[in-house]
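A quick write-up on the structure given underneath.
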Amino acid sequence: MFLPSAVAVVLDRTDRRALPVQVADHLRADIRSGQAAVGLRLPSSRKLAAELSVARGVVERAYEQLIAEGWLVAVHGSGTFVAEAPSPVVTPATTPAKPADKLSPRVQLRPGVPWTPPRASAAWRRAWRDVGAKPPPFEDPDPAGDYELRSALSELLARARGMSVEPERILITSGATHGLGLALSALRTSGAVLAMEDPGYRYASSAATACGWSLLDVPVDAHGLRVDQLGSAPENVRGVYVTPSHQYPTGGLLPVGRRNQLIEFARARDVVLFEDDYDSEFRYDVAPLPALAQLAPDRVVYLGTVAKTLGAGIRLGWLVAPLDLVDGIAVHRKRIGDFPSVPLQQALLSLLRDGEWDRAVRTARRRYRERDRAVEEALSPFGELRGLGAGMHTTLMLDADLAATVAREALQHGVEVPTLVESTRTHGDPGGLVIGYGRVDSADLEYALEVVAECLARHSA
């Protein structure tokens, strides 16, 4: 027996409640009133979604919510049925309620987690088959990295970033943070201070302090690092860490004028700039601005990674630096036995040589462009969106208290959305939600944006 027409679900597109919430509320009311009797079999999520002209994920979320509350029960292979009404009273001694921060989210809007196209996954498997056909490496590899891979990366940087880089100036790392740590260790002097964006990338600040550097937090605005604030920096500032192409996490794009000011500061004060170009492959409005490393190769350590293309778990990246620094880092790595993995390097070389890397980037770029627009359409009525047109996350700037409230309420509906406070150190919480949309399927993203928008609308009324 299926849900009868008398128990119809009617959606109101003008209602501020998210669509899954409306579906759940309708069904819950019908069960309470007795219109949907105990044991009644509901339509499949696919069938009800088609009848309501909504994404299947909308119905799935509603069903999941009612199953979690005890109104419905799912029987494997048979369907979803109305259960006996749950008791309205919950005894804390026997069933304690979960705090909001302990709920298991169904959708996580985490920034920096990429989607890998199916073709790229197949290419990755082929690359590993090629690697597996070779004999295992019995000797320590070149501490600077395989020269063929460095040559391939030189070609990649030329076509993707317009950088003219000799392979000798490239060193293979285990990722951007590892590369930062290597360079900081090589350049550290007594009392050295690293200026960093605030809010900014926490792993980078942790790497700096682990290498013995002190930190100077510099505020950011809609355009990225406040370069003008460096004029009063103490004399022992020896480096500046910056994400100029897509400030992490606020999304600002450092203008050419500020880039030139930053380079002038570095040359006047004998400072090294650490440029983390973590997601420059993904731009959807205009081509990326010239990298700092292109404008001032003698002053910049450029950090790249496969983490935003193939995934952070691969642990592979590269740095570009002046030749003497690359040589110095290679000597240090050999001394401490820190060598790059030969099989990983060979696998990445295979992807670069056969064009699969470029194809994967192009495919992901199209997907992220659509999601970038979806975020803009859903959330632009509620505040300033920073970082549109680039990367795989967008930040909605809000009052700090409102951002915390919306994040807390969204979690109650199974959506985990980070706030800027998680990336802030000393300048106070600027307030905002970080909407990461890389590794989220389309139905989940639609649901999550509806939940966040509904929470924002409720507090904007």
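Given the protein chains as shown and a 1.4 Å probe, how many square angstrom of VAL306 are accessible, to the nearest 10?
0 Å²
How much of the DSSP beta bridge set in the chain is antiparallel, as a percent to the nearest 5?
Antiparallel bridges: around 55 percent, rounded to the nearest 5.
Can you tell me the relative contact order of the chain? Whole percent, Cα pairs under 8 Å, sequence separation 6 or more.
21 percent
Over the C-alpha atoms of region 178-297, what are the Rg and the largest Cα-to-Cα span, Dmax, in Å?
When restricted to the Cα atoms of region 178-297, Rg and Dmax are 13.5, 44 Å.
Taking square-rooted eigenvalues a ≥ b ≥ c of the alpha carbon gyration tensor, is region 413-461 rounded, prolate or oblate, where a/c under 1.5 means rounded and, failing that, a/b exceeding b/c means prolate? Each step should come with its number before you reach the end.
On the way: a/c = 3.31, a/b = 1.40, b/c = 2.36.
Oblate, because a/c is 1.5 or more while a/b does not exceed b/c.
Cβ neighbours within 10 Å, averaged per peptide: list 22-31, 175-184 in order, most packed at the top. All intermediate terms of the calculation are to be shown ahead of the outcome.
Values: 22-31: 20.6, 175-184: 23.9.
Highest to lowest by the protection proxy: 175-184, 22-31.
Could you work out what % of the accessible surface of the chain is carbon and sulfur, using a 1.4 angstrom probe and leaving DNA, RNA and ligands out of the count?
Here it works out to 52 percent.
Let me cross-check LEU398: its accessible surface, 1.4 Å probe, with only protein heavy atoms counted, in Å² to the nearest 10?
Rounded to the nearest 10, the figure is 20 Å².
How compact is region 243-374 by the rule of thumb for globular proteins, expressed as Cα Rg over 2.2 N^0.38 Å?
Numbers: Rg = 16.7 Å, N = 132, 2.2 N^0.38 = 14.1 Å.
Expressed relative to 2.2 N^0.38 Å, the Cα Rg reads 1.19.
If DNA, RNA and ligands are ignored and the probe is 1.4 Å, what is the ranking of CYS455, CYS211 by accessible area, most exposed first?
Ranking CYS455, CYS211 by accessible area, largest first, yields CYS211, CYS455.
Give me Rg over Rh for the chain, both radii from the alpha carbons and Rh done the Kirkwood way, two decimal places.
That ratio is 1.04, to two decimals.
For region 272-324, what does the alpha-carbon gyration tensor say about shape, rounded, prolate or oblate, given a ≥ b ≥ c as the root eigenvalues, a/c under 1.5 as rounded, and a/b over b/c as prolate?
oblate
Helix 323-336 versus the longest principal axis of the chain: what angle, 0 to 90°, nearest 10, using Cα atoms?
70 degrees
Could you work out Rg/(2.2 N^0.38 Å) for region 300-444, with Rg from alpha carbons only?
Normalised Cα radius of gyration, region 300-444: 1.35.
Give me the distance in nm between label points sitting 7 Å out from Cα along the Cα-to-Cβ direction at ARG373 and GLU69, one decimal.
Label-label distance for ARG373 and GLU69, simple model: 3.6 nm.
Provide HIS332, HIS76, HIS246 ordered by accessible surface of protein heavy atoms (probe 1.4 Å), highest first.
Solvent-accessible surface, decreasing: HIS76, HIS332, HIS246.
The values are calculated or read from the model by the stated rules, or taken from the named source; none is laboratory data. Keep in mind the model is a prediction, meaning the values are calculated, not measured. Quick reminder, even Gly has a Cβ in these numbers, built from the backbone with ideal geometry, and neighbours come from all protein chains shown. For the accessible areas, the whole protein counts, side chains as well, though only heavy atoms, and no ligand, DNA or RNA atoms are used. Shrake-Rupley method; radii C 1.70, N 1.55, O 1.52, S 1.80 Å.
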